[in-house]
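Structure, as structure tokens:
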Amino acid sequence: MAGLSSYLHTPARENVERALSQAKEHEAFHALLHLSEEKALSRADLIDSQEKKGRLAGVPFIVKDNFLTIGEPTTAASEMLASFQAPVMATAVEKLEAEGAICIGKANLDAFAHGGSTENSAFGPTKNAVDQTRVAGGSSGGSAVSVALDIVPFALGTDTGGSIRQPASFNGVVGVKPTYGAVSRYGVVAMASSTDVIGVLSNTVETSELVLDIMAGRDAKDMTTLPDFFEPLSESAPRKIGVIKEFMTSDVDSEVRQKTQDYIDALRGRGHTVEEVSLPMSKYALAVYYVVVPAEVSSNLGRYDGIRYGLRASDATSIASLYGLSRDRGFMPENKRRIMLGSYVLSSGFFDAYYLQAQKVRTLLINEFNALFASYDVLIGPVVPTPAFKLGENTDNPIHMYLSDVMTVPASLAGLPALSVPAGTTDSGLPVGVQLIGQRQSDALLLALAKEGEA
Ligand code: GLN
């Protein structure tokens, strides 16, 4: 895998031509929905002609197709936005391009980022980079596979409940979900506003660190952004690390547990203190997530009414049928399931029993995390209970699909930074990731610890 420095020492045109030809060579994986060939090549020529180079001068990258890139399709892998052209540029992409990076295309995802396998894409699934009979993971499946196949050194993704970390783990790449609010979400299709986070998938920790450093910071166009707190650490120090007991039970595949244990032993070997800790509320996290997130989804997807933008049913005969037919044709079954679930938990008579109750339990989970961070710098556990599952294995059973999120949703509900770091492969060669979770705004510390493990 080419590190960033080799890209920085190669003409931009050569980098882009290589990335485009790699993308075409690997078309069978269906990682990409759109290639911006001409635009990327002309930007490369421009960068090669400039004297002053940015920190990512000539480095090609890919973005998940829920990032708006001006003048280009942004489909969110849905029929709803299949012919939508983005009128603005996502701030994250704009910031990377200002440092000379070149976006070469848009990656496949589960429609509107609802899912954990990229099988919910309206345009067909992405295949796992290591085994084409298995899922890429999701919802940032196309981004993870693009990096794993070495088409680009990094790709952007979004993580609402695990969508960066889970596909990173399934394809053997680094996945970084920063602190909630660290990176502007302006120009990114909203899923669940209280947990949506933009982050990076990359082939080395160092690459993610630089990309995050460039993207982080306050944006006047997104009032939820935090002032820039991200400062990469030049050296690491002995840390206190807690192994989350509830993440290491027999419900987790034994090889996944073994890889996690090996990673933990290596941390100990490097002088860190490691102890077992308990996060009892984590057993309710999945239930809380699948109440809170659909509630927010049902409200965020309300804007797709067939009138303002997106798919419009031309055969509608009344305003009600215009809404109904447009939404019926534009959304995938999983999108509809979430809209119905969300509308139900928010409806009068059920609000207190479901939505309010879930928010209370969410607070208890946050309190438990805070109590642990009074004594520990980092928490550790697996990312997903299993390695990548077979294509089609969970498509008929949404609950099974949701279970794959059981260890990623706690950090999402609490707004905490969390990484997925490659930790080897199973005996049959499937990648396994380990998850590092930190206190809010401790992103740099997590990356420093992960970098040390890579050396
Ligand atoms: N798999 C989770 C879900 O379907 C996470 C999705 C995401 O983070 N976008 O909700």
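The values are calculated or read from the model by the stated rules, or taken from the named source; none is laboratory data. No experiment lies behind these values; they were computed from the predicted model shown. Here the Cβ positions follow ideal geometry from the backbone for every residue, glycine too, while neighbour counts run over all protein chains shown.
Per-structure values
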| item | result |
| --- | --- |
| Considering residues of the range 389-415 that are part of a loop (DSSP other than H, G, I, E, B) and away from the ligand (no atom under 14 Å from the Cβ) only, the residue farthest from the chain's Cα centre (by Cα) | D396 |
| Hits in the range 127-142 (condition: away from the ligand (no atom under 13 Å from the Cβ) and either of a type in the set (K, R) or within 17 Å of E79 (Cα to Cα) (or both)) | K127, R134 |
| Among residues of the range 90-125, those that are farther than 24 Å from L46 by Cα and away from the ligand (no atom under 16 Å from the Cβ), counted | 2 |
| The range 129-154, residues that are of a type in the set (A, V, I, L, M, F, W, C) and assigned to a helix (DSSP H, G or I) | A144, V145, V147, A148 |
| Any strands (runs of 3 or more DSSP E) falling wholly within the range 184-300 and containing at least 1 residues that are under 30 Å from L149 (Cα atoms) and not hydrophobic (A, V, I, L, M, F, W, C) | 197-202 |
| Condition check for A144: without any contact (Cβ under 8 Å) to a residue 60 or more places away in the chain, touching a Leu at 6+ places or on another chain (Cβ under 7 Å) and closer than 14 Å to L32 by Cβ | yes |
| Pairs with Cβ under 7 Å, 6+ apart, first in the range 316-341 and within 17 Å of G115 (Cα to Cα) and of a type in the set (K, R), second outside any helix (DSSP H, G or I) and within 14 Å of the ligand (Cβ to nearest atom) | R338/H114 |
| Subset of the range 183-214 (residues that are over 18 Å from Q166 (Cβ atoms), within 16 Å of the ligand (Cβ to nearest atom) and buried (at least 22 other Cβ atoms within 10 Å of the Cβ)) | V183, R185, V188, V189 |
| A448 being in contact with a Pro (Cβ under 8 Å, 6 or more places away or on another chain), at pLDDT 95 or above and part of a loop (DSSP other than H, G, I, E, B) | no |
| Residue ID - farthest from the ligand (Cβ to nearest atom), chosen from residues in the range 65-89 that are within 23 Å of T207 (Cα to Cα) and not aliphatic (A, V, I, L, M) | T69 |
| Qualifying position, being modelled with pLDDT of 95 or more, touching a Gly at 6+ places or on another chain (Cβ under 8 Å), assigned to a strand (DSSP E or B) and surrounded by 16 or more Cβ atoms within 10 Å (Cβ to Cβ), among V434, V384 | V434 |
| The range 147-170 - residue that is over 19 Å from L403 (Cα atoms), crowded, with 24+ Cβ neighbours inside 10 Å and more than 12 Å from the ligand (Cβ to nearest atom) and, of those, nearest to the chain's Cα centre (by Cα) | L156 |
| A358 farther than 17 Å from Y290 by Cα, over 20 Å from the mean Cα position of the chain (by Cα) and of a type in the set (A, V, I, L, M) | no |
| Top-ranked residue in the range 61-79 [being in contact (Cβ under 8 Å) with a residue 40 or more places away in the chain and hydroxyl-bearing (S, T, Y); ranked as farthest from R312 (Cα to Cα)] | T74 |
| Among the candidates V297, V288, V293, V277, residue that is more than 16 Å from the ligand (Cβ to nearest atom) and among the aliphatic types (A, V, I, L, M) | V277 |
| In the range 311-358, residue surrounded by the fewest Cβ atoms within 10 Å (Cβ to Cβ) [restricted to those that are in a helix (DSSP H, G or I) and in contact with a His (Cβ under 9 Å, 6 or more places away or on another chain)] | R337 |
